[in-house]
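The values are calculated or read from the model by the stated rules, or taken from the named source; none is laboratory data. Note that the structure is a prediction, hence the values are computed from the model and not measured. Glycine also receives a Cβ, built like all others from the backbone with ideal geometry; neighbour counts cover every protein chain displayed.
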Amino acid sequence: MSTLEDYRNSHAELRQMIDDLKAILRPDLLHIRPNAKTAYELLCDLGVKVRRHLAEEDRSIYPTLLIHEDPRVKSIAWGFISGEKPLRKIFDDYHKRWLKNCDFNFTEEFLAETHEVFGMVAQRIDREEQVLFPKLVEIGLFQEQPGSDRSAY
């Protein structure tokens, strides 16, 4: 089972990947084929990591929360479960539309949709850290690491 620190590290990794992609996803850089190939590979890696992160939460966090005696805890769990379905679908649709053929056609439409997806992932991470994680610590599912600086996340 993952620890709170594991989830925070996963969030930090996802944020770093998004920051790296934002730096390279510029029309002037994407005209250079090796940059486009790198961007494509990073986008695919991000998709895999987001799916893995959500799947880990499905296995390790939500089942426990859904049977918790506190209805507020159940409500938070359902909020995240129902909130992540659109993120999964949007990611899958995005991958099918833009990444499956490896044609590296990074149009304005692609860039706009990519930044929208990045915003959704970042918003999800923020919600987990501000709402979900404190509740998991409060109910005793996770222990706060002594000496961990939560403001760093």
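Can you name the residue in segment 86-145 that is of a type in the set (Phe, Trp, Tyr) and within 23 Å of THR38 (Cβ to Cβ) and, of all such residues, is surrounded by the fewest Cβ atoms within 10 Å (Cβ to Cβ)?
From segment 86-145, those of a type in the set (Phe, Trp, Tyr) are 91, 94, 98, 104, 106, 110, 118, 133, 142; that's our starting set.
Filter again for within 23 Å of THR38 (Cβ to Cβ), leaving 91, 94, 98, 104, 106, 110, 118.
Values: PHE91: 18, TYR94: 18, TRP98: 20, PHE104: 15, PHE106: 21, PHE110: 18, PHE118: 20.
It comes out as PHE104.
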Number of the exception - GLU128 against (1) without any contact (Cβ under 8 Å) to a residue 12 or more places away in the chain; (2) under 16 Å from the mean Cα position of the chain (by Cα); (3) under 18 Å from LEU4 (Cα atoms) = (1)
request  = Could you please find all residues in segment 45-69 being in contact with a Lys or Arg (Cβ under 9 Å, 6 or more places away or on another chain), more than 19 Å from GLU129 (Cβ to Cβ) and in contact (Cβ under 8 Å) with a residue 12 or more places away in the chain?
outcome  = ARG51, LEU66, HIS68
ask   = Out of all the residues in segment 101-153, which are farther than 18 Å from LEU43 by Cβ, outside any helix (DSSP H, G or I), modelled with pLDDT under 85 and in contact with a helix residue (DSSP H, G or I) (Cβ under 9 Å, 6 or more places away or on another chain)?
value = LEU141, PHE142, GLN143, GLU144, GLN145, SER148, TYR153
